Structures are given as structure tokens and as C-alpha cells.
Amino acid sequence: MPSPLVNRYAIYLQVPDHGKVQQSIAREPSLLMAVENCLNAYQATGHTGFVIDDTRAHREFRVEREILLQLLFLRHQDRTRYFEILNRLDRQGGQDELVSFLAAHARI
């Protein structure tokens, strides 16, 4: 199993009314890679709820349907801003900053 020091973001499925599942579906080294994994899982399975857990900073990003679609829209419409927010959140910030950024830059 990959080291949590290298792959610090654990990705979990989120089931409505039950929260996140116990077993992670993937581990990634950066928030950008974790979001890409969620977008790929969405395209492959249609599942729309994920929790990205930063194991070192003890924070969570809840990527539910609306946020997932906004991220997908931003990735296709403005890749510079897409990379900007995910790289910034990789270092600091949280769910509130992600939501406010997407509300300002990825209106669908």
C-alpha cells in the first residue's frame, strides 16, 4: 500500500444518508490528482458524491454533484483557473474557499 506521506489525499465515495464509505477508492499525492480521480470516477460510473480527505492536514473536501459539475465545467472552460484553485488549496484553505471560488468562476 502506498505511503500516506506520499499519497496524502484519500478519496472515498459518499453515499446519501450514510456518509462516506469506510474503504478509500484511491490515494493521490496532490489535490489536483484527487479531483481528477473523482472526475474520472464520475465519468466512468456516474457516482456524484466523493470525500477527499487530506490525511496530513486533517481536512476534508466534500465533492458532491454541484461542485463536481462546476469543477468539470471549469476544467473545460478555464484550465488556468482550474489549476490555480486546486494548487492553492493543496497548500492551504478548505471547503469554504473551494465553494466560494467555484461560485465566482464556474457558474453553470
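The single condition from (1) farther than 20 Å from Y82 by Cα; (2) open to solvent by 50 Å² or more (accessible area, probe 1.4 Å) that Q14 fails is (2). Residue count for the stretch 54-91, restricted to those that are of a type in the set (D, E, K, R), in a helix (DSSP H, G or I) and either touching a Ser or Thr at 6+ places or on another chain (Cβ under 6 Å) or within 21 Å of P16 (Cα to Cα) (or both): 3. Are there any pairs, at least 6 apart or on different chains, whose C-beta atoms fall under 7 Å, with the first in the stretch 89-102 and under 17 Å from R75 (Cβ atoms) and the second open to solvent by less than 70 Å² (accessible area, probe 1.4 Å) and not in a helix (DSSP H, G or I), and if so, which? These pairs meet every condition: D90/S30; L98/F61.
Of these, R65, R56, R79, R88, which one is of a type in the set (K, R), under 12 Å from the mean Cα position of the chain (by Cα) and either surrounded by fewer than 17 Cβ atoms within 10 Å (Cβ to Cβ) or at pLDDT below 95 (or both)? Write out each step before concluding.
Numbers: R56 fails: under 12 Å from the mean Cα position of the chain (by Cα); R79 fails: under 12 Å from the mean Cα position of the chain (by Cα); R88 fails: under 12 Å from the mean Cα position of the chain (by Cα).
None of the others qualify; the one that does is R65.
In the stretch 16-27, the residues that are modelled with pLDDT of 90 or more form Cβ pairs under 7 Å with partners that are part of a loop (DSSP other than H, G, I, E, B), at six or more places apart or across chains, as follows: R27/P2; R27/N7. Considering only the stretch 23-36, I want to know if a residue exists there that is open to solvent by 50 Å² or more (accessible area, probe 1.4 Å) and over 21 Å from G94 (Cβ atoms). For the stretch 23-36, residues open to solvent by 50 Å² or more (accessible area, probe 1.4 Å) and over 21 Å from G94 (Cβ atoms): present.
The values are calculated or read from the model by the stated rules, or taken from the named source; none is laboratory data. On a predicted model such as this, the values are computed, not experimentally measured, just so you know. When we count neighbours, we look across all protein chains shown, and the Cβ atoms used for this are built from the backbone with ideal geometry, even at glycine. For accessibility, only protein heavy atoms count, side chains too; no ligands or nucleic acids. Shrake-Rupley method; radii C 1.70, N 1.55, O 1.52, S 1.80 Å.
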